[in-house]
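Visitor: Here you go, one structure.
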Amino acid sequence: MKIFICDELLNNINTNISEMEKYYKEINEVNCIPFFIYCFSLFESALTESLRHFLYSFPEKLSGEAIKREDGKSSPYFHVSKETLIESLGDTKNILAQIVNEKIRRLSKGNLCSILGYINKYFAIETGIENTNTEKMSKLRNSIVHDSIFADRKYFKAKEKYKIEPKEIQLIEYKNYCNELIEKLKSIAYAISVKYARYTKEKLIRDIWDYVFKSPLLSFDDTLYIDKDEKVLRFNFEHIEKISTSICSGEKFFLAFLLHQYSTSKNDEYFKFCDIPMLASILDRDKLKNIIDIFSIYPHLFNGEKI
C-alpha cells in the first residue's frame, strides 16, 4: 500500500508555478536579476521537494552506498545517526526521514541538470527537457549569487571560462529564462500527472480499507460509497447495522476506530466498549500502528474530506 496522492505533489508544484508566473509579469530593467534568482529558486525547490515527497512514499526507489558482502556481492546501505535510531524506538518513520533528507541534501548540492536527471530517474518519466539552456541558467545564477562578490579570489579566477557576467545579459533574456523555467516545471508536472494519475485520494482510501478488512462482509463497496454530488466519503449505515453483530471482535475494533473518525457519536449506535477487544488480544498490532501513522498525515481522510 502506497501512502501517496499525486494531486498533493502536483499542488505543491503548481503553487510554485503560480508564484513564478506572478513575478514573471512584473519583470523590468530594475528587478530582472533578483526576479530571475527568485524564479530559479522556486524552480529548484519545486524539484527537490517533489523528490522528497515522492521518496517518502516510494522508499524502494532509494539507492544507498554499495558495500561488499562476504559472498562477494554488493548490497546498498544507508547512514543513520545513533540519535535517530534511539528516537525511533522501532518506528521506521524517523529513520526513513533522515535517509530521504540526507539524499535530498546531497542532490541539492548538484547543478540543476543533475537534479533534473534525478527527477527523470526516480519518477521514471521522460520530460524531454534540453540541458543546454538549463546549464546556462544554472551558471548565470551561480555567477550572480557568488562570482560578483568573490570575483577576486583565485578559486573563481581559475574557473573564469565558466563565468557569465550578469550585466551582459539583456532584459529580454532574463524574461526568456524565467519563462523557460515556468514551462519546464509545467512539463514536469504534466509528465508526473500522467504517470501517477491512478494515485488518487479515493484509491488511497480503498487501499487502506482493503488493507484493514479482509472479510467479505466489510467490502469497500458495501460499507462505504463516494457521494458523487458532494464528492465526499459516506458510510453505508444500513449495511453496518446488518453486519455489526456478525463480525469478529478484531474487525469490530478496526471498524469502530475508522467509524469514529467519521462521527464520534455513530459508534454508540452499533458498538459498546465491551465489544472492543483489549489491545493485548489484537494480533495484528502493526496494522494498528500503520493506521495511526496514516491518520497522523491525513487526519480527516474518513471525516467528510473532499475526494
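Visitor: Mind checking the full-extension length gain between C274 and K109? Use 0.36 nm per residue of separation minus the Cα-Cα distance, one decimal, nm.
Guide: 53.7 nm
Visitor: Ordered by residue, what ³J(HN,Hα) values in Hz, to whole numbers, does the range 206-213 give under the Karplus form 6.51 cos²θ - 1.76 cosθ + 1.60, where θ = phi - 60° and Gly and Pro are x?
Guide: 3J(HN,Hα) across the range 206-213, in whole Hz: 4, 5, 4, 4, 5, 5, 7, 10.
Visitor: Can you give me the % of accessible surface on the range 165-307 that is carbon or sulfur? Probe 1.4 Å, all protein chains present, nothing else counted.
Guide: Accessible surface attributable to carbon and sulfur in the range 165-307 totals 53 percent.
Visitor: Okay, next question. By how many nm would the segment from K242 to S18 lengthen if fully extended, with 0.36 nm per residue of separation less the alpha-carbon distance?
Guide: Between K242 and S18, full extension yields an extra 75.7 nm.
Visitor: For the range 193-277, what is the accessible area per residue in Å² when the probe is 1.4 Å?
Guide: Per-residue value: 55 Å².
Visitor: Here's another thing I want to ask about it. What number comes out for the charge environment of C248, summing +1 per Lys or Arg and -1 per Asp or Glu over other residues with Cβ under 15 Å away?
Guide: 0
Visitor: Could you tell me the calculated FRET efficiency between Y38 and N133, based on Cβ-Cβ distance and R0 = 22 angstrom, to the nearest 0.05?
Guide: According to the calculation, E is roughly 0.75.
Visitor: For K25, what charge total do you get from the other residues with a beta carbon under 14 Å from its beta carbon, if Lys and Arg give +1 and Asp and Glu give -1?
Guide: -1
Visitor: All other residues with a Cβ under 14 Å from the Cβ of D268 taken together, and with Lys, Arg as +1 and Asp, Glu as -1, what is their net charge?
Guide: Residues close to D268 contribute a combined charge of 0.
The values are calculated or read from the model by the stated rules, or taken from the named source; none is laboratory data. Values in this document were obtained by computation on a predicted structure and should not be read as measured data. Ideal geometry is used to build each Cβ from the backbone, glycine not excepted, and the neighbour counts take in all protein chains shown. SASA here: full protein model, heavy atoms, side chains in, ligands and nucleic acids out. Shrake-Rupley method; radii C 1.70, N 1.55, O 1.52, S 1.80 Å.
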